[in-house]
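Here the structure is laid out as structure tokens; the discussion comes afterwards.
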Amino acid sequence: VQLQASGGGLVQAGGSLRLSCAASGRTFRSAAAAWFRQAPGTERTFVAGINRSGGIFYADSVKGRVTISRDNARTTLYLQMNSLRPEDTAVYYCALGPSVISSNLASQAAYAYWGQGTQVTVSS
């Protein structure tokens, strides 16, 4: 399984970006998927996740501003981010977890496959 993240860039505070993560192989349809992010000098943290049945969970820091979705036909994961803030600046990673269940959706260790990351920079 390979994951290719894209859509990052430089945006002003209050702006929007849509991240995409294209997955190869058939695993996507039967796996949970998520977005994590890592700001400079910090640990990678959970942003949003969606399980195989469509259940969704967001980190409190982004709730109400981001929407995670998936297109199983296109094997692509999305993250629509609105009202961006400077503190959203980070490298965003997509992840796929065939064995992830709802209770560990936010756990990095549960995900078997990772994309290469896409940089999001929000200027004030």
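Here, each number is a calculation from the coordinates, and none is a lab measurement. The model shown is predicted, which means the values in this text are computed figures rather than measured ones.
Starting from the coordinates of the alpha-carbon atoms of the chain, obtain the Kirkwood hydrodynamic radius over all distinct pairs and give the value in Å to one decimal.
Numbers: mean 1/r = 0.0709 Å⁻¹.
About 14.1 Å, per the Kirkwood formula over Cα pairs.
Over segment 29-85, what number does the Rg to Rh ratio reach, with both radii from the alpha-carbon atoms and Rh per Kirkwood? It would help to have the intermediate numbers written out before the result.
Values: Rg = 11.9 Å, Rh = 12.1 Å.
In segment 29-85, Rg relative to Rh is 0.99.
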